[in-house]
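Read the figures in this text as sums done on the coordinates, not as results from a lab. None of the values given here were measured: they were computed from a predicted structure. Neighbour counts are summed over all protein chains in view; Cβ atoms, including those assigned to glycine, are modelled from backbone coordinates with ideal geometry.
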Amino acid sequence: MIPARLAIPILALAAILAGNLPAQDEISTRQIAIQAMYPVMIQALESGNYGQARNICDQIITWEPLNPVHHYNLACIEAKAGGARLPFAFDALAEAALLGFNDVALFQSDPDLSALRSTPRYRELLEFVKRNASGGSVPAPPAAAATPSDPPEIPPDPVFEDGVPVGLFFRMQAGSRTTALPQEAWYFAPDGWVYPRVEAGISATDLAAHSAKGRLNLVDGNLTVVWTDGRQATHALSRAAGHFTWNESRFVPVRPFDLEMPLVGIYEYLETNPGGKGPKGGGILELRPDGSFTWVGASFAAAPAGDSSLTVTADARTTGQWRMAGFSLRLTDAQGAVYRRLALPDDDPETPQRPDRILLGGSLYRKRPLSESAGNR
């Protein structure tokens, strides 16, 4: 593993999360946070707490998705975890190589990667890293056939550019506050397109296949969306602290999962679908720190190509491995079927639970408090 290059006290992380640092730009703040998180991640790896190390590294990658060092370190974590996590180690190594990782000596000697070195795929990736180091022409690194890498889908942080929203937002009932439940997720892309009711993901492939999208145009405080089917809607856009309203709906920025708001936990499907379209999920989903999951009441219907669909069955029990990349949760069952959907945290700041709910693939799930989870395992 490659350690952080600057030694910053771990207490700096607590200061960042508590909001006690002097005002500074967001990139600088994240760099400080990353430097503070690296010692915690390395300590977790060395103590065999691979789930914690993985969660920290995933968060760092969310902040700096184009830094090959972070992907390399994720590969080290997955390789040390071993077993069912080895395919994920190769995925992370391939991503690091694709982003320009070129430390050949470390690649060949790092003891964290020892579980990978006897395989043909490691040798192929080594040749790729050597070509990176030499500056030669570099073909794409070999991909794993059974466990394809998650597509890059790190959205920009929710902001306003030229008066128009950009990023992922929950759509809620207008006038509601912290007690409101998200009805669906909308993605306002940087190129001026809006994608309502996103569920599968926001990679380029996902957006190209999305059934509906609209072009944004802001004039004199009125936001017009011209949908691809020819319809259009024009309503006043009103901005307030932490949200905006449009077309009788309130839009709230989506926060990423982080150390304060971890994805690990047990989730129960909320019977009332906030979108009013009937249930699309079900059962109880447990995401464990070691990267394994159990979903009681749901099974995956494998597709010939691409992502599986979800089948809700009372007596079903699905187990496998989970992986979070950005806002995309990928669940791989024991037969290799992959169910990949957006997983978005919805939190009520008035409660101690973090987060209170997640919106997974368009369905809302309640996160069990630790006191309940301990008695229902």
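Summary table below
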item: Kirkwood estimate for segment 159-253, i.e. one over the average of 1/r between Cα atoms, Å; result: 13.6 Å
item: Within segment 336-373, backbone nitrogen closer than 20 Å to the virtual label 7 Å beyond the Cα of ALA241 toward Cβ; result: 347-351
item: Percent of beta bridges antiparallel (DSSP, segment 195-241, rounded to nearest 5); result: 100 percent
item: Prolate/oblate/rounded label for segment 277-364 (Cα gyration tensor, a/c 1.5); result: prolate
item: Calculated FRET efficiency for the pair ARG288/VAL40, C-beta based, R₀ 25 Å, to 0.05; result: 0.80
item: Ordering of 281-292, 124-135 by packing [mean C-beta count within 10 Å, highest first]; result: 281-292, 124-135
item: Net length gained if the chain between GLU248 and GLN232 were fully extended (0.36 nm per residue, minus Cα distance); result: 4.2 nm
